[in-house]
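Note sheet for the following structure.
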Amino acid sequence: MTPLTITDAPNSDGFMVRCHGISAWRDPESGTIYLYVLTHPESADRVEVFEVVLKGLHLRHIRSIVDPSFTFMKDLVAVGRDQFYITRYNWFRSFVWIRLSHWLHIPEGPILFYDGGQVMRALPDSYFLPNGINASPDKKTIYMAELGTKTIHALQRDDSNKLTTTWKEYVDSAVDNIEVDKDTGDLWIGSHPITFRIVLRIKIRDGVMTSLEEIYADDGDELNASTVAAYGAGKLVIGSLFTQTVVCDVKYLTK
């Protein structure tokens, strides 16, 4: 496997340090693919923007997006050219405050929207450790995993990019990243129960959750702390926080 090369990269400290969230968006007119990568330098989080150059297959760095509200971010999903929703895990970067907010269950994490020039709150609510975020195939619904309350949120997006809650579901597992099946709209979610490391599948029909299935479970011997899962062609690829990636065959899925 050959790693992607990056051209036009800035000569600055902290470039591409601790990458922690990624989203791609394809321009429907030109076909150009843009990649948005959330990074965690020491000073403040930022989003690096790349063009995916298919000829020669490399990334061309375009810009770095910074904002005072990008303190301790978790994940992002692009919905347009330089437009994305992003979850803020904590207000402060201090390790002491992070631990304190965890212990006290302080809901201080909003969903923010970047419109290409400025950042706004997508809705007034704050959440307890908002984590993974993704969008439905038509980009009309935003899904967010609230790790602290073990809840999946479905949020309707309006023409001004504001969000309103349409439904939420407690899933009894600390949900991490969300992948959306582009054909069915189903959600595939890595999660962290107390004993087992599992993958959840949430079936979506007409924008509504119809069922929740546990697809993969392990006691930690094979996989420790699953963070994300992607399904395709009968295969399930599971990423983890501490150990190796697991690829397994999915023999049966409910319709």
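Put simply, of Val52, Val47 the only residue that is within 21 Å of Ile6 (Cβ to Cβ), touching a residue at least 24 places away in the same chain (Cβ under 8 Å) and under 16 Å from the mean Cα position of the chain (by Cα) is Val47. Can you work out which of the residues in the range 66-83 that are among the small types (Gly, Ala, Ser) and assigned to a strand (DSSP E or B) is nearest to Pro130 (Cα to Cα)? Looking at the filtered set, the residue picked out is Ala78. Restricting attention to the range 23-43, the residues that are under 20 Å from Ser69 (Cβ atoms) and surrounded by 17 or more Cβ atoms within 10 Å (Cβ to Cβ) total 6.
Scanning the range 160-170 for any residue that is in contact with a Leu (Cβ under 6 Å, 6 or more places away or on another chain), crowded, with 16+ Cβ neighbours inside 10 Å and assigned to a strand (DSSP E or B) turns up at least one such residue. Looking only at the range 180-190, decide whether some residue is closer than 25 Å to Leu38 by Cα, part of a strand (DSSP E or B), modelled with pLDDT under 90 and not charged (D, E, K, R). Yes: the range 180-190 contains one or more residues that are closer than 25 Å to Leu38 by Cα, part of a strand (DSSP E or B), modelled with pLDDT under 90 and not charged (D, E, K, R).
Report yes if some residue within the range 121-128 is among the hydrophobic types (A, V, I, L, M, F, W, C) and either part of a strand (DSSP E or B) or without any contact (Cβ under 8 Å) to a residue 12 or more places away in the chain (or both); otherwise report no. So far as the range 121-128 goes, no, none of its residues is among the hydrophobic types (A, V, I, L, M, F, W, C) and either part of a strand (DSSP E or B) or without any contact (Cβ under 8 Å) to a residue 12 or more places away in the chain (or both). Among the residues making up the range 18-65, a single one is under 24 Å from Ala145 (Cβ atoms), part of a strand (DSSP E or B) and among the acidic types (Asp, Glu): Glu48. Take Lys168 and tell me if it is farther than 18 Å from Asp75 by Cα and in contact with a Pro (Cβ under 6 Å, 6 or more places away or on another chain). Against the criterion (farther than 18 Å from Asp75 by Cα and in contact with a Pro (Cβ under 6 Å, 6 or more places away or on another chain)), Lys168 does not qualify. Return yes when Asp67 is within 19 Å of Ser94 (Cα to Cα) and crowded, with 18+ Cβ neighbours inside 10 Å and no when it is not. The answer is no for Asp67. Residue-level analysis places Tyr143 among those that are in contact with a His (Cβ under 9 Å, 6 or more places away or on another chain) and of a type in the set (Phe, Trp, Tyr). Considered as a group, the residues in the range 228-255 that are touching a Ser or Thr at 6+ places or on another chain (Cβ under 6 Å) and under 20 Å from Asp186 (Cα atoms) include one that is modelled with the lowest pLDDT, and that residue is Gly239. Of all the numbered requirements in (1) at pLDDT 95 or above; (2) in contact with a helix residue (DSSP H, G or I) (Cβ under 6 Å, 6 or more places away or on another chain), Asn90 misses one, and that requirement is (1).
Do we have Ser136 as under 13 Å from the mean Cα position of the chain (by Cα), surrounded by fewer than 22 Cβ atoms within 10 Å (Cβ to Cβ) and among the polar types (S, T, N, Q) here? When the stated conditions are applied, Ser136 passes them. Just give me the residues in the range 9-41 being free of Cβ contacts under 8 Å to residues at least 40 places away in the same chain, closer than 19 Å to Phe72 by Cβ and among the hydroxyl-bearing types (Ser, Thr, Tyr), in sequence order. Of everything in the range 9-41, just one residue is free of Cβ contacts under 8 Å to residues at least 40 places away in the same chain, closer than 19 Å to Phe72 by Cβ and among the hydroxyl-bearing types (Ser, Thr, Tyr), namely Thr39.
Assessment of the range 196-212 against the conditions (modelled with pLDDT of 75 or more, crowded, with 16+ Cβ neighbours inside 10 Å and not in a strand (DSSP E or B)) yields no matching residue.
The values are calculated or read from the model by the stated rules, or taken from the named source; none is laboratory data. These numbers come from a predicted model, not from an experiment. Because the Cβ atoms are built from the backbone with ideal geometry, glycine has one as well, and the counts that use them run over all protein chains shown.
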